[in-house]
Amino acid sequence: RIVDESRNEDNARREGTERWFEPTQARYVKLTVFRNSSFGGARVIELAVMGQEQEQVRVRRRSIVPDWEAQFPAEVRDVPLERISYLIDVSPQSVVPGWLPAGKAWAEMNGPVKLLTTRSGLGQVYAKSIYAQASSEVVYDLGGTYSRFAAAVGIGTPKADCSVVFQVYVDGEKRYDSALYRLGRPVVPLVVDVTGAKQLKLVVTDGGDGIRNDYAWWGEARLIKP
């Protein structure tokens, strides 16, 4: 057995799912299909067995970076710590929290979170994160001293019915809208220009279908000085 997906219940994705393994010498190949996650029909399209003895194949691999690892550009990734202000350490101007567990305050929910991209729980922990369960709105005073806002945008639940929309407003102007974001989408390395801006507003809506399991997060949300 080379690949076993019998316990995979991840959401279907438009681009499909890649599985990679070491080349294996074989005389026969057997593919067994048990079911799909919705117990409907299953199809196999363009199954091919390839080897150097008969043909040279140039593999077209989309990416070796996992979906849960946000890849920021160098101007964000390589910024020294003295130019970074994490929002978890900044007092917001105002907060309209979404759903909160009983007895918990919004500030207590901020911190490390594992952003997920599959129902099987694959993901990455982002240490300094802002809790944003729908529907939420958090406003920060920038004072015109920052050049960029950056965050790893994602969800912290393996529940398939999570559906949210992330929005970023700078001085009242919408600078980012994720459209409907669901489990199965990659974590987004969000970067927004806030040069000279006085106010940053982070909004998460419920995507129009209620707030059930809408656990959204601004992973390692930070402001960067010029």
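Here, each number is a calculation from the coordinates, and none is a lab measurement. As the structure is a computational prediction, the values presented were derived from the model and not from experiment. Neighbour counts are summed over all protein chains in view; Cβ atoms, including those assigned to glycine, are modelled from backbone coordinates with ideal geometry.
According to a simple spin-label model (label point 7 Å from Cα along Cα-to-Cβ), what is the distance in nm between ASP78 and SER94?
The two pseudo-label positions are separated by 4.0 nm.
Compare ILE155, ILE130, ILE45 in a GNM of the chain, Cα atoms joined below 10 Å, and give the one with the largest fluctuation.
Largest GNM mean-square fluctuation: ILE45.
Could you identify which residue out of THR118, THR145, THR205 has the top mean-square fluctuation in a GNM of the chain using Cα springs shorter than 10 Å?
Among THR118, THR145, THR205, the largest GNM mean-square fluctuation belongs to THR145.
Hey, how many Å between the Cα centroid of the range 153-184 and the Cα centroid of the range 193-207?
12 Å
If you plug each phi of the range 205-221 into the Karplus form 6.51 cos²θ - 1.76 cosθ + 1.60 with θ = phi - 60°, what whole-Hz ³J(HN,Hα) values come out, in order, with x for Gly and Pro?
9, 8, x, x, 10, x, 9, 4, 6, 8, 8, 9, 9, 9, x, 6, 4
Multiplying the sequence separation of ILE45 and GLU173 by 0.36 nm and subtracting their Cα-Cα distance, what value in nm do you get?
41.5 nm
Counting alpha carbon pairs within less than 8 Å and at least 6 residues apart, what relative contact order, in whole percent, applies to the chain?
Relative CO of the chain lands at 24 percent.
With a ≥ b ≥ c taken as the square roots of the eigenvalues of the C-alpha gyration tensor of the chain, please select rounded if a/c is under 1.5 and otherwise prolate if a/b is larger than b/c or oblate if it is not?
prolate
Across the chain, where is the longest run that never hits chymotrypsin sites (Phe, Trp or Tyr not before Pro) in a DSSP loop with at most 16 other C-beta atoms within 10 Å?
The answer is 100-226.
Give me the number: length gained by fully extending ALA107 to ALA127, i.e. 0.36 nm times residue separation minus the C-alpha to C-alpha distance, one decimal in nm.
Result: 5.8 nm gained on full extension.
Using Cα pairs under 8 angstrom and six or more residues apart, how large is the relative contact order of the range 94-195, in percent?
Contact order relative to length: 30 percent.
Counting pairs of alpha carbon atoms under 8 Å apart in space and at least six apart in sequence, what relative contact order in percent does the range 168-226 give?
The value is 39 percent.
In the Gaussian network model of the chain, springs joining C-alpha atoms below 10 Å, which of ASP177, ASP89, ASP209 carries the largest mean-square fluctuation?
ASP89
Please report how many Lys pairs in the chain have alpha carbons closer than 26 angstrom, counting only residues at least 8 apart along the chain or sitting on separate chains.
Qualifying lysine pairs in the chain: 17.
In nm, give the distance between the simple-model label positions of TYR86 and PHE21, each being 7 Å from the Cα along the Cα-to-Cβ direction.
4.0 nm
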